[in-house]
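To start, the structure under review is shown below, and the notes come after it.
Coordinate-derived values only; no laboratory data. No experiment lies behind these values; they were computed from the predicted model shown. Note that each Cβ is placed from the backbone with ideal geometry, even for glycine, and that neighbours are counted across all protein chains shown.
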Amino acid sequence: MSEHHSTHSAAAIAGITSNSVFARVCAYWSILRENGTTPKRSDVDPRALGDALPHVFLAELVAPRVARLRICGHKIEDLMGMDMRGMPLTVLFQGDARNAISEAVEQVGHGARVILSLEGESGFGLPEVKATLALMPLADDTGRITRMMGVIERRGEPGRTPRRFGLATPLSEQASAQPQAPARPALRVIEGGLG
């Protein structure tokens, strides 16, 4: 990565004033998208992510619906109580949510950014925890999507580990002011198109 590009992206993320780690990481990924193309893995500068880094992971797309964690921030590892490098992304999710996560991974492989609203499993020693997850595609130097950058912003303490998530209602429905009956969890594709 060129020093000029690194300085440019670091300055750009420093200008993002949101207190939300989630919003800052998503904005950083958007800054790296030049002319709508998928950002390259080599363009991601950990220094630019600063205090958001503990909430970020990088995963390798090893099959159309499978992503394996390669780098994982400690706030994410706190959920499982262990080093998660080499584990599949689905390890963070309850059984009934794993198919939807696999579907999200497949969408990311096609160039989409996917945002999901999550709820921690409930039970003894498990305080209420909610989280927002974004999965964002990253390309290799040939332009092929082979990696993804993810961010999980958690609200609440993990409690007893391992702590896995299920899907909550879609963010688009949560934004509505009217109370609704629980809806079937769904993916919300934010940006599509091949990179």
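Rounded if a/c is under 1.5, else prolate if a/b beats b/c, else oblate: with a ≥ b ≥ c from the C-alpha gyration tensor eigenvalues square-rooted, which is the range 112-157? Because a/c hits 1.5 or more and a/b exceeds b/c, the range 112-157 counts as prolate. Between amide H atoms placed 1.01 Å from N, distances below 5 Å from ARG70 occur with LEU58, ALA59, GLU60, GLY86, all of them 5 or more places distant or on a separate chain. Sorting the segments 56-68, 105-117 by their mean number of nearby beta carbons within 10 angstrom, highest to lowest, gives 105-117, 56-68. By other beta-carbon atoms within 10 Å, ranking ASP45, ASP96 with the fewest at the front produces ASP96, ASP45.
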